[in-house]
Amino acid sequence: MSFEPIVSIQGVSKTYASGLQALKSVDLDIRRGEIFALLGPNGAGKTTLISIVCGIVNATTGSVVADGHDIARDYRAARAKIGLVPQELHTDAFESVIATVTFSRGLFGLAPNPAHIETVLRELSLWDKRDAKVMTLSGGMKRRVLIAKALAHEPRILFLDEPTAGVDVELRHDMWQMVRRLRENGTTIILTTHYIEEAEDMADRIGVIRKGELILVEDKAALMKKLGRKQLTLALQTPLQRIPHELATLPLELSADGDAITYTFDTQREETGIAELLRRLAAHGIDFKDLHSSQSSLEDIFVSLVRS
């Protein structure tokens, strides 16, 4: 995968007329051909940033270049490289599925390509619904139509803004299969999501945005390694009422019923401290009948970042 940026965001900030500062000097390069997940709580600035890159909202300061085209100076050429699947279900209610998707392609000045439209509709399980009016479709099917519209003009960059919020499991599965295929064909994908397991499963790199600031951008594997913590849970032979005072300095937590102790340790440290823990437990006559370890998920990491 090339490290050449396909989207370059430099010094982008946005302050609305109300005085709300939605973004604070964001710098971000998206690599060609990657899947980049942008995570953040509601109101963090995710949708504002996407809207600026897509030319829907004007930045207060800064610049955005999409596949070599400045989004402000060369809007049409830049926008033609971008597909956007928005959060909201804005669809042309009275049009048929095939008409609205074909029209979306025409908006970008491209010649008709019925074969491409058919491929997109088939991939999204919409081909059988091609003549149905969009207004008659379920919410999940309308979401599929939005994706088809975004792909109609064969964009090189695809933005998915909370694409699976409120959709059924089948659509989520279909969508991620399609995302992987698009990526294999060279499309760059930027997604925002609340389903952190999706980012953990799909993304090459992860950015975390909080209160309008990009607080972290990291390769997913490196982020998991750097911030990941492991926990060792010991099921006790005899319940404890409290952790002995002599062990209070250790990162131990006693379960509510007193049946288990959980020890948290940093995966980056050479010494986990487990051997020392077991020795000290034995010295205090604390026996255990079972133990298992678990590693923190991306969700744990994300929560710790946005809280800090």
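Here, the stretch 229-296 is characterised by an Rg to Rh ratio of 0.93, where Rg is the alpha-carbon radius of gyration and Rh the Kirkwood radius.
Determine, from the Cβ-Cβ distance of GLU271 and THR61 and an R0 of 30 Å, the FRET efficiency 1/(1 + (r/R0)^6), rounded to the nearest 0.05. In this case the efficiency is close to 0.05.
Tell me what the chain gives for mean residue ellipticity at 222 nm when only DSSP H runs of n ≥ 4 count, each as -39,500 (n - 2.57), the sum divided by the residue total, rounded to 500 deg cm²/dmol.
Details: 10 runs with 99 residues, N = 308.
Mean residue ellipticity, 222 nm, calculated: -9500 deg cm²/dmol.
DSSP bridge analysis restricted to the chain gives an antiparallel fraction near 70%, rounded to the nearest 5. Residues of the stretch 72-94 with an amide N closer than 20 Å to a point placed 7 Å from the Cα of ALA165 along the Cα-to-Cβ direction: 83-92.
Electrostatic tally near LEU191: other residues with Cβ closer than 9 Å to its Cβ, Lys and Arg +1, Asp and Glu -1, net -3. The simple spin-label model puts a point 7 Å past each Cα toward its Cβ; for LYS133 and THR15 those points are separated by 4.8 nm.
Calculate, in nm to one decimal, what ALA283 and LYS24 gain on full extension: separation in residues at 0.36 nm each, minus their alpha carbon distance. All intermediate terms of the calculation are to be shown ahead of the outcome.
Working: separation 259, 0.36 × 259 = 93.24 nm, distance 5.40 nm.
Contour length minus Cα-Cα distance gives 87.8 nm.
Here's the list of lysines a cross-link from LYS81 could span, going by alpha-carbon distance under 30 Å and ignoring same-chain residues fewer than 8 apart: LYS14, LYS24, LYS46, LYS129, LYS133, LYS142, LYS149, LYS211, LYS220.
For the chain, the Kirkwood estimate of hydrodynamic radius, built from reciprocal distances between every pair of different alpha carbons, is 22.1 Å. Considering only Cα atoms, the convex hull volume of the stretch 121-240 works out to 200 Å³ per residue. Given q = 0.21 Å⁻¹, what are the Debye log10 I(q)/I(0) values for the stretch 21-83, with equal point scatterers placed on the Cα positions and solvent ignored? Result of the Debye calculation: -0.93. Positive-end ranking of PHE108, ILE52, ALA248 along the dipole of the chain, with charges on Cβ about the Cα centre, is headed by PHE108.
How long is the gain from ASP204 to GLN241 if the chain were fully straight, where each residue apart is worth 0.36 nm and the alpha carbon distance is subtracted? Walk me through the numbers on the way to the answer.
On the way: separation 37, 0.36 × 37 = 13.32 nm, distance 4.51 nm.
Length difference between fully extended and current span is 8.8 nm.
Read the figures in this text as sums done on the coordinates, not as results from a lab. These figures come from a predicted structure and were not determined experimentally. Neighbour counts are summed over all protein chains in view; Cβ atoms, including those assigned to glycine, are modelled from backbone coordinates with ideal geometry.
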